[in-house]
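What follows is calculated from the coordinates using simple rules that are stated; it is not laboratory data. If you're wondering where the values come from, they're calculated on a predicted model, not measured in any experiment. Glycine gets a Cβ as well: all are built from the backbone with ideal geometry, and neighbour counts include every protein chain shown.
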Amino acid sequence: MLQTNFKHFFLEEMLDFLWRQWSALGVAGGARAEESWVIDPEALLIFSLQIARYEPRLFDEILDWLITNAKWIDNQRLRSILKKKNNETRRIISAVAILVSQEAKTYKRKWQSLGSLAKPHERMKPKSLFFTKEGQSYPEPGIGSEELRVRESTESEKRGAVVFQKYGFMRGSFIPRKSSKSTPINARSNIRFLLRSLFGIGSRSECILYLLTHDGGHPNEIAQAIGISVKAIQDTLIELSESRLILTVPKGKRKMEYRLSKDTKWWEFLTGMDYNITKKPIWLNWISLFSALESVWNVFKEVEKTTSQYMKSSKLREAMETISMEFAKSNIGLPVIPGRDTKPDVYEEEFNNFINGVLETKYGTGR
């Protein structure tokens, strides 16, 4: 398959996958099917708002979901994950946060603070928020090209275009449909939301979730997996262990591992079902997985502009070093990584085969 064709295939796979994930959270318009893994709303949101720029309907459905379900997002964790993202990604999140603060007034203070994550340079020329699937800017949306349409819109509808323009993006007016449902927190894949409703948003519910889906963990290991500072995790685990429902187990001379006592009782309490018939959701490190998938998409866009087969191979090899490491941390089964001795004229095909293998893994993005 030619690189351009595989790039389009990859994009369609990502969009289909994102529709499924958001539908499981309550977004309207997608096929509702419970996923087998634990959904990570913060990592999902950051990745989605990049890829959904190629499908405006999904982008706006996510905004609609946020207006209804804004209370469930862990803004501190969102900030932590965003530290490794570029300015453009932070500007999109900032624009979304301001829009949500205006539409979901109950959570105005919570979301307004995220508006300061990043702002465009004063001389920066606004660019299109959306793209066609071929990578072309969407027909000049927003204040400039659809000025008449925006002018005739209601004040509420204008806000979306105005807010995004302030952060360097042009788009048409946003009309909240408010068709998204409240997140079904008792669904297996949404256990993170159930824990947040019980223990609050923050490190406490994140630690319990990690221990529920693992045999145990060291504070540093847990912190890296869930995207919260080591100190915050350490302090939380110490507090939780005082309940004697979280056990401490020595590991080596200096390490201390934490684990749940009687995890079967935890699952029975949370699900209301006998442990033996409970299907535990699968933990994936979505922060690493989405980071890898984003890198794949970025390198596809980059090599598409390159005509030299040697240069394409070089860029793909360079990207593979980072991509393979992130995929490895995500807890999915990986296909064989192209070897260093793979010749330049076949490396592109081998790279595509590797990515296709990732998409088809049991716990990857494939069906």
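Given the alternatives (1) 39, 27, 23; (2) 34, 29, 19; (3) 44, 21, 19, semi-axes √(5λ) of the Cα gyration tensor in Å as computed for this entry is given by (2).
Note on K301 and D16: the extension gain reaches 100.7 nm, defined as 0.36 nm multiplied by sequence separation minus the Cα-Cα distance. The lysines within cross-link reach of K262, meaning a Cα-to-Cα straight distance under 19 Å and a gap of 8 or more places when in the same chain, are K279, K280. Membrane-span-like helices in the chain (whole DSSP H runs, Cα extent of at least 18 Å along the helix axis, mean Kyte-Doolittle hydropathy of at least -1.0): 3-25, 56-69, 87-103, 286-303, 309-329, 344-359. Backbone N atoms of the range 228-242 closer than 18 Å to the 7 Å Cα→Cβ label point of T248 belong to residues 230-242. Extension gain, T361-R259: 0.36 nm per intervening residue step, less the Cα-Cα distance, totals 33.9 nm. Which shape class applies to the range 53-120: rounded if a/c is under 1.5, otherwise prolate when a/b exceeds b/c and oblate if not, where a ≥ b ≥ c are the square roots of the Cα gyration tensor eigenvalues? Oblate shape, in that a/c is at least 1.5 and b/c is the bigger or equal ratio. Restricting the range 225-278 to GluC sites (Glu not before Pro) that sit in a DSSP loop and have at most 10 other Cβ atoms within 10 Å of their own Cβ leaves E242.
Net charge dipole, the range 188-273: roughly 120 debye, given to the nearest 20, about the Cα centre with Cβ charges of +1 for Lys and Arg and -1 for Asp and Glu. Applying 1/(1 + (r/R0)^6) with r as the Cβ-Cβ distance of R123 and M325 and R0 = 25 angstrom yields a FRET efficiency of 0.10. You can think of it this way: the chain between M311 and K133 has 61.7 nm of extra reach, that is 0.36 nm per residue less the Cα-Cα gap.
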